[in-house]
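To keep things clear, I will list the structure first and then write my remarks on it.
The values are calculated or read from the model by the stated rules, or taken from the named source; none is laboratory data. Every value quoted in this text rests on a predicted model; they were computed, and no experiment measured them. When we count neighbours, we look across all protein chains shown, and the Cβ atoms used for this are built from the backbone with ideal geometry, even at glycine. Please note that ligands, DNA and RNA were not included when accessible areas were found on the heavy atoms of the full protein model with its side chains. Shrake-Rupley method; radii C 1.70, N 1.55, O 1.52, S 1.80 Å.
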Amino acid sequence: MRRFRESLTTRGAAFLASGIVLVLSGLALGQHDLSRIGTALCALPLLAGLMGRRHDLLLEVDREARPPRVTIDEPAVVRVVITNPSATRSPILLAEEHLDYSLGDRPRFVVPSLPAQGETHVEYAVRAHARGAHRLGPLGVRVQDPFGLTLRHTSISSHDELLVLPRIVTLADGRALGRGLGAEGSVPHRVALHGEDDQSIREYRDGDDLRRIHWPATARTGELMVRQEDRPAKRRAVVLLDTRARAHGGSGPSGSLEWAVTMAASAVNHLLDSGFAVHLLTPDPGQESGVREDSDLDVALATLARTAPSNEPGIGSMLHAASGATAQGGLVVAVVGALDDDSARALSSLRQPGGPGLAFVLDGPSFGRGEGGALEPRATTAALSGAGWAALPVTPDLAVSDAWAAVAGSRRLVGAR
């Protein structure tokens, strides 16, 4: 009975109420014709409700976004294919696609009556104003009887997502990027030149293929040595992104986390274009180490698109993971919030002598209200600068490109220290 009441439209409720009043009035006044009219008015919503429930509304919905990955403010077209898998014809349906609010208004359309195993499709355009994995669906459908007395609605639970990548800003080349050959940039000593595959010899490491053991060198040194194919000289760069909620302020596109993600995405893209082997490190509770490492641009951008504030108390796990990648030198780019003294010293130690370190220290409270913290970003900036880093405190009025230009050394901002 409750479901029937919920399915009544305003018109249906008015018919039912009027019918009840006429039935009671006819009985009280002895006017049987009045009671008959009231009975007919009461019966109409009941019959309409039964007619609306003849169909199971068992539909199948498939979605495809083109393109499946977009950048902020880039439009995408979503194709929705609706199939009727039942053995009976489906009624005409009113449909509404549920979307994340950042994708715009919910599209509404009419689904025509579909024969058994029949299908139809509709398309609608979306434009995302914020990065992230935005949900497409579920599809809400409604069926109304011809008299408009009842309205039955259900939700088809299938859904998909549209991945919106962070914005990438064009960055200028800086003098600081000319240095920083790490382990991937140094040319190893060559002991053999056989054909096109030059090889070098190094010490055995856990996990190396035993078939690559170089027995003459092992006999000469007394330690296991393995063959390694030489690779072209390539500079290494490690990019660290601090996602602690306590380190950031503000929310949405104007928050400090969005500034940090934009800087990280722009730096990874720029360094890859400059010939660096880039390793992006971000916190990830799903990983055994608690840190995710990406070296491919598409994968890194997908990771940054899904980045959200974390509840991590510090960045110790990320610094531990970065220490192995920076042990033999290379460029270190850190986009972090204010740190305590111990964390600032640990971060500063990642920069090896002779290698560049670029730090962007976010002034979370200046971006707006957030979890924030009692730590002072300028103290972190001073500690890193004292350890040989090019560090800069970041405020909301500082553009990503200007911050990079100042820290990378291509030019100086007025008032930047």
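Results, tabulated for the structure shown:
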| item | result |
| --- | --- |
| Among (1) touching a residue at least 12 places away in the same chain (Cβ under 8 Å); (2) under 21 Å from residue 244 (Cα atoms), the one test that residue 327 misses | (2) |
| Failed criterion for residue 302 (all others in (1) modelled with pLDDT of 95 or more; (2) over 21 Å from residue 68 (Cβ atoms); (3) of a type in the set (A, V, I, L, M) hold) | (2) |
| Search result, residues across the range 308-344 that are touching a Leu at 6+ places or on another chain (Cβ under 9 Å), assigned to a helix (DSSP H, G or I) and open to solvent by 10 Å² or more (accessible area, probe 1.4 Å) | 319, 321, 323, 325, 343 |
| Residue check for residue 52: modelled with pLDDT under 95 and touching a helix residue (DSSP H, G or I) at 6+ places or on another chain (Cβ under 8 Å) | yes |
| Selected residue (criterion: least open to solvent (accessible area, probe 1.4 Å)) from residues of the range 279-299 that are at pLDDT 95 or above and among the β-branched types (Val, Ile, Thr) | 282 |
| Every residue from the range 99-108 that is within 30 Å of residue 150 (Cβ to Cβ) and buried (at least 16 other Cβ atoms within 10 Å of the Cβ) | 99, 107 |
| Output for the range 118-163, where each listed residue is open to solvent by less than 40 Å² (accessible area, probe 1.4 Å), in contact (Cβ under 8 Å) with a residue 40 or more places away in the chain and either polar (S, T, N, Q) or part of a loop (DSSP other than H, G, I, E, B) (or both) | 128, 130, 131, 145, 148, 149, 150, 158 |
| Subset of the range 27-42 (residues that are without any contact (Cβ under 8 Å) to a residue 24 or more places away in the chain and either assigned to a helix (DSSP H, G or I) or under 12 Å from residue 16 (Cβ atoms) (or both)) | 27, 28, 29, 32, 33, 34, 35, 36, 37, 38, 39, 40 |
| Conditions (1) out of contact with any Ser or Thr (no Cβ under 9 Å at 6 or more places or on another chain); (2) under 30 Å from residue 24 (Cα atoms); (3) open to solvent by 40 Å² or more (accessible area, probe 1.4 Å); number of the one not met by residue 79 | (2) |
| Any hit, the range 179-202, residues being polar (S, T, N, Q), open to solvent by less than 40 Å² (accessible area, probe 1.4 Å) and modelled with pLDDT under 80 | yes |
| Selection count where residues are out of contact with any Leu (no Cβ under 6 Å at 6 or more places or on another chain) and in contact (Cβ under 8 Å) with a residue 24 or more places away in the chain, scope the range 106-117 | 5 |
